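See structure below.
The values are calculated or read from the model by the stated rules, or taken from the named source; none is laboratory data. Computed from a prediction, not measured in an experiment: that's the story for all the values here. Methodologically, a virtual Cβ is constructed for each residue, glycine included, from the backbone with ideal geometry; neighbour enumeration extends over all protein chains shown. Side chains are part of the model used for accessible areas, which takes the heavy atoms of the whole protein and leaves out ligands, DNA and RNA. Shrake-Rupley method; radii C 1.70, N 1.55, O 1.52, S 1.80 Å.
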Amino acid sequence: MSGNDPKDEGQGDRAAPTDSELSARLRRLETQIDRKRPPAAPDLSPRPGSSDRSSLGQAMTLSTEFIAGVIAGGILGWLCDHFLGTKPWGMIVFVLLGFVTGVYNIMRLSGFSGAKDRPKDRKGP
Amino acid sequence: MAASIDPIHQFELKPLVSLGHIGHQEIAFTQSALYMFAAVGVIALITIVGTASRSVVPGRMQSLAEVFYEFIADTLHQATGDKEQRFLPLVFSLFMFVLILNMFGMIPYAFAVTSHLIITFGLAFLVISTVVIYGVMKHGSHFLGLFIPSGVPKPLLLIMVPIEIVSFISRPISLSVRLFANILAGHIALKIFAFFVAQLLLAGAWSVLSPLPLFLTIALTALEFLVAALQAYVFATLTAVYLADALHPGH
């Protein structure tokens, strides 16, 4: 166990460790492992709760999510142009925004959005 | 002879009874509406017969109804964390409706109602209206906190808030397009591959190859059953996730 502190070796007597000593040591080891784990693990693992869903469903979800972002941007842009008379600009800005949204949706669903806003991940399926 | 292939033909609406006109548009009772009524009938049958006896050791119908109920209740509870389960009737109805309609679509010669975008968009719009109306009723202006992501520096909000708004608007679109596209594409693919079998059989020496698309059609049918169930599940899950936003808009 590389996670052991040197003081652990000195404390637990190799020859006759009692049960309480062993369990205390085990607990200490667990807390040490827990302390070491968080930076490595959660970045790679997918969002919590997504592991039980089939990957087929996830693949379908991701593709439509992107397309929907672009379409939503297009609709907003068209509405903006139609009602505010900003002929080309509404479409340009909102379709670009739609692309960004599509990528953002995918990033959020696939768990690449960074660990900062964990609760936001719940928004995805 | 076999030249009349039209994979889209199966999605045509056939008016059964005309109910009159609005403007120049005929309002008709189509086979699509008939299938929807049939689906509601099947769902009513499952739930009413299933809950009729209420025995401790469930019979066939009762365990079927219980499986569906518990499945949706679990999904909803995981997504919203809502103890009262006040959206359970909505999500359960949506799930059953989509599931039964998808399964109806898998019956040969039957019509797949969910392959029409307006049906799925209607359902998705219902979900999003519920989210907006319930969210505003419950939280008032706090509901707008939905558009402000947490843990983002102030200057970035200038970009993030429009993105969140477009993202919110894209939700009913993605919800409806996903279901509709899956069912539509699946049925077209099935039809085309099944047609290959007939064409190869008529192609003289090439008919030796006709088992190949046949096996593919069988495999595709299995896949389509999976997709039909999966899409109903995805629809229900996403509905639950969106409803969670109505319950807890702040992040």
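Couple of notes before you dig in:
Okay, residues lined up against (1) without any contact (Cβ under 8 Å) to a residue 12 or more places away in the chain; (2) open to solvent by 50 Å² or more (accessible area, probe 1.4 Å):
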residue: B:ILE173; (1), (2): no, no
residue: B:LEU179; (1), (2): no, no
residue: B:GLY186; (1), (2): no, no
residue: B:LEU190; (1), (2): no, no
residue: B:PHE196; (1), (2): no, yes
residue: B:LEU200; (1), (2): no, no
residue: B:VAL208; (1), (2): yes, yes
residue: B:ILE218; (1), (2): yes, yes
residue: B:LEU223; (1), (2): no, yes
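- B:ALA112 meets all of the listed conditions (1) modelled with pLDDT under 90; (2) away from chain A (no Cβ under 13 Å); (3) over 20 Å from the mean Cα position of the chain (by Cα) but one, namely (3).
- Residue, farthest from B:ALA246 (Cα to Cα), within segment B:88-130, restricted to residues that are open to solvent by less than 30 Å² (accessible area, probe 1.4 Å) and outside any helix (DSSP H, G or I): B:ALA110
- Helices (runs of 4 or more DSSP H) within segment A:13-125 that include 1 or more residues at the interface with chain B (Cβ under 9 Å from one of its Cβ atoms), at pLDDT below 75 and open to solvent by 50 Å² or more (accessible area, probe 1.4 Å): A:55-84, A:118-121
- Single residue of B:VAL234, B:VAL197 found to be closer than 30 Å to B:ILE148 by Cα and of a type in the set (Val, Ile, Thr): B:VAL234
- Here B:GLY186 fulfils each of the conditions (1) under 19 Å from A:VAL100 (Cβ atoms); (2) in a helix (DSSP H, G or I) apart from (1).
- Note on segment B:12-30: residues that are surrounded by fewer than 16 Cβ atoms within 10 Å (Cβ to Cβ) and within 22 Å of the chain's Cα centre (by Cα) amount to 4.
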